[in-house]
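K.L.:
Right, I'll just put the structure down here and ask away after.
The values are calculated or read from the model by the stated rules, or taken from the named source; none is laboratory data. Keep in mind it's a predicted model, so treat the numbers as computed, not measured. Every residue, glycine among them, receives a Cβ derived from its backbone with ideal geometry; neighbour counts consider all protein chains shown.
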Amino acid sequence: MTIAQSVQITKGSDNVFEDLGFEAEEAMNLKIRADLMLQLRFYIEAQGWTQQQAAAFFKETQPRISNLLNGDITRFSIDKLINMLAKTGMKIKVELYA
């Protein structure tokens with residue numbers, strides 16, 4: 001048997017955190033935070049900013065921006081991330097579906 005024959009592939013859901021075994025409520029919260037963090041990261045990269053420049057723009061510390069760019073999801077609430085996105089002028093749209 002080759003490795004290819006022994007590998008079993010399972011299609012995931014649209015929420016990797018749920019796939020990892022988090023409870024539905026926590027998985028949804030984590031996914032929302034991850035999505036918001038990614039948008040902030042894309043914005044910072046598009047501006048070509050250093051962490052220090054991003055920190056000045058968002059009125060945060062450089063280590064906090066480092067946490068954001070490194071995906072340290074535990075350090076950011078949804079409220080905090082939305083407030084940071086608002087400073088960029090981006091609009092946020094919430095979509096709900098069943």
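K.L.:
What residue, of Gln47, Gln51, is under 17 Å from Thr88 (Cα atoms), touching a Ser or Thr at 6+ places or on another chain (Cβ under 6 Å), surrounded by 11 or more Cβ atoms within 10 Å (Cβ to Cβ) and not hydroxyl-bearing (Ser, Thr, Tyr)?
P.N.:
Just a single option satisfies the conditions, and that option is Gln51.
K.L.:
Taking the conditions exactly as written (hydroxyl-bearing (Ser, Thr, Tyr), loosely packed, with under 14 Cβ neighbours inside 10 Å and touching a residue at least 24 places away in the same chain (Cβ under 8 Å)), does Ser77 satisfy them or not?
P.N.:
Yes; evaluated as a whole, the condition is true for this residue.
K.L.:
Next up: Give all pairs with beta carbons closer than 9 Å in which a residue from the stretch 84-98 that is surrounded by 12 or more Cβ atoms within 10 Å (Cβ to Cβ) meets a residue that is assigned to a loop (DSSP other than H, G, I, E, B); count only pairs at least 6 apart in sequence or on separate chains.
P.N.:
Met84/Glu60; Met84/Phe76; Leu85/Lys91; Leu85/Ile92; Lys87/Lys59
K.L.:
Give the residues of the stretch 69-98 that are more than 12 Å from Ile44 (Cβ to Cβ) and outside any loop (DSSP other than H, G, I, E, B), sorted by residue number.
P.N.:
Ile73, Thr74, Arg75, Ile78, Asp79, Lys80, Leu81, Ile82, Asn83, Ala86
K.L.:
For the stretch 54-70, how many residues meet the condition of being loosely packed, with under 14 Cβ neighbours inside 10 Å and within 23 Å of Met28 (Cα to Cα)?
P.N.:
1
K.L.:
Could you check Arg41 against (1) surrounded by 15 or more Cβ atoms within 10 Å (Cβ to Cβ); (2) modelled with pLDDT under 95; (3) of a type outside the set (Val, Ile, Thr) and say which number it fails?
P.N.:
(2)
K.L.:
Collect the residues in the stretch 17-70 that are aliphatic (A, V, I, L, M) and in contact (Cβ under 8 Å) with a residue 40 or more places away in the chain, keeping them in residue-number order.
P.N.:
Scanning the stretch 17-70 gives Leu30, Ile32, Leu36, Met37, Leu40.
K.L.:
Of the residues that make up the stretch 24-32, is at least one modelled with pLDDT under 95, in contact with a Gly (Cβ under 9 Å, 6 or more places away or on another chain) and surrounded by 14 or more Cβ atoms within 10 Å (Cβ to Cβ)?
P.N.:
Yes, because at least one residue in the stretch 24-32 is modelled with pLDDT under 95, in contact with a Gly (Cβ under 9 Å, 6 or more places away or on another chain) and surrounded by 14 or more Cβ atoms within 10 Å (Cβ to Cβ).
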